[in-house]
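Report on the following structure.
The values are calculated or read from the model by the stated rules, or taken from the named source; none is laboratory data. None of these values were measured; they are calculated from a predicted model. With ideal geometry, Cβ positions are generated from the backbone for all residues, glycine too; neighbour counts draw on all protein chains shown. Accessible surface areas use protein heavy atoms only, side chains included; no ligands, DNA or RNA. Shrake-Rupley method; radii C 1.70, N 1.55, O 1.52, S 1.80 Å.
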Amino acid sequence: DVKVTQSSRYLVKRTGEKVFLECVQDMDHENMFWYRQDPGLGLRLIYFSYDVKMKEKGDIPEGYSVSREKKERFSLILESASTNQTSMYLCASSLSLGLAQNQQFFGPGTRLTVL
Amino acid sequence: SQQGEEDPQALSIQEGENATMNCSYKTSINNLQWYRQNSGRGLVHLILIRSNEREKHSGRLRVTLDTSKKSSSLLITASRAADTASYFCATDTGRRALTFGSGTRLQVQP
């Protein structure tokens with residue numbers, strides 16, 4: 001089975017801190033994604049990557065950056081955390097299926113609180 | 001409104017009843033997928049239906065797709081308390097990523 005792991009289940013940070021959220025998948029998937037999930041808003045795509053060192057902005061990239069130095073690892077970085085970035089962060093990966101999107105495999109999520 | 005909106009937002013039924021959730025979307029799609037999320041956890045893929053398919057089954061799940069109406073429905077038959085979760089539809093519109101809706105919260109009363 002595909003396993004997607006996230007570095008922390010719960011994280012509490014202070015405003016202005018630099019925050020790293022790590023995601024690792026073990027099935028050699030090309031595509032990796034970062035979402036945030038807020039009540040009533042569903043999942044919103046922050047960034048995604050379809051290859052090592054490749055990244056594309058999603059729908060809400062402001063305040064975030066990403067890094068993909070190795071195929072199995074995709075990091076989300078909050079350069080200067082703010083209280084409005086308090087949220088559940090979900091990482092996902094998928095195998096490429098030509099031009100179509102394959103099913104995504106999700107990690108357990110990181111609940112980030114910024115004080 | 002956003003691509004991939006589920007309806008209703010919340011649904012409460014008794015164990016053994018069927019649960020139907022609907023998803024509407026705006027643009028043409030390659031495929032549509034349904035996911036389940038148990039409280040506080042990641043999402044789990046349930047089923048994928050391609051744009052040239054009209055109906056698909058997987059166990060107690062039945063998904064239909066009407067591309068002319070830009071809508072899909074997920075039917076869970078003979079529901080169980082363990083089906084209590086949030087259900088999301090996600091559309092592949094060809095932009096290299098899925099677009100998720102805001103979900104339907106299903107509560108199955110034992």
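Just round it to a whole percent: the fraction of Cα-Cα distances in chain A exceeding 25 Å.
Above the 25 Å cut-off, chain A has 16 percent of its Cα pairs.
Using a 10 Å cut-off on Cβ to Cβ distances, tally the other chain neighbours for every residue of A:34-46 and report the average as a whole number.
4
Go through the stretch B:29-45 residue by residue and turn each phi into a ³J(HN,Hα) via Karplus (6.51, -1.76, 1.60, θ = phi - 60°); whole Hz please, and just put x for glycine and proline.
So the J values, rounded to whole Hz, are 10, 7, 7, 10, 10, 10, 10, 10, 9, 7, 3, x, 10, x, 8, 10, 5.
Give the long-range amide H neighbours of B:Ser102: residues separated by 5 or more places, or on another chain, with amide H under 5 Å away, using H modelled in the peptide plane at 1.01 Å from N.
The answer is B:Glu6.
Tell me, how many Å apart are the Cα centres for the stretch B:64-110 and for the stretch A:54-115?
22 Å
Quantify how much of the Cα-Cα distance distribution of the stretch B:14-110 extends past 19 Å, in percent.
Cα-Cα pairs in the stretch B:14-110 separated by more than 19 Å: 38 percent.
Filter the cross-link list A:Lys3/A:Lys70; A:Lys13/A:Lys70; A:Lys18/A:Lys55; A:Lys3/B:Lys56; A:Lys13/A:Lys53 down to pairs whose alpha-carbon distance in this structure exceeds 23 Å.
A:Lys13/A:Lys70; A:Lys3/B:Lys56; A:Lys13/A:Lys53
Carbon and sulfur together cover what percent of the accessible area of chain A at a 1.4 Å probe radius?
Accessible surface attributable to carbon and sulfur in chain A totals 52 percent.
Check each residue of the stretch B:21-51 and keep those whose accessible area, probe 1.4 Å, is at least 10 Å² smaller with all protein chains in place than in the chain alone; give them in order of residue number.
Relative to the lone chain, where solvent access is computed with a 1.4 Å probe, the stretch B:21-51 loses at least 10 Å² at B:Asn30, B:Asn31, B:Gln33, B:Tyr35, B:Gln37, B:Gly40, B:Arg41, B:Gly42, B:Leu43, B:His45, B:Leu48, B:Arg50.
Would you mind giving the total buried accessible surface between chains B and A, with a 1.4 Å probe and ligands, DNA and RNA left out, rounded to the nearest 100 Å²?
Chain pair B/A: roughly 1800 Å² of buried accessible area.
Pairs of alpha-carbon atoms within less than 8 angstrom and 6+ residues apart define the contacts here; what relative contact order does the stretch A:58-102 have, in percent?
Worked out over the stretch A:58-102, it gives 24 percent.
What ranking do A:87-97, A:9-19 get when scored by the average of other Cβ atoms within 10 Å per residue, highest first?
Going from most to least packed, we get A:87-97, A:9-19.
How many percent of DSSP beta bridges within chain A run antiparallel, rounded to 5?
Within chain A, antiparallel bridges account for around 90 percent of the total.
Rounded to a whole number, what % of the accessible area of chain B do carbon and sulfur atoms account for, probe 1.4 Å?
Of the solvent-accessible surface of chain B, carbon and sulfur hold 42 percent.
Which whole-number value in Å² is the accessible area per residue of the protein assembly as shown, probe 1.4 Å?
Accessible area per residue, the protein assembly as shown: 47 Å².
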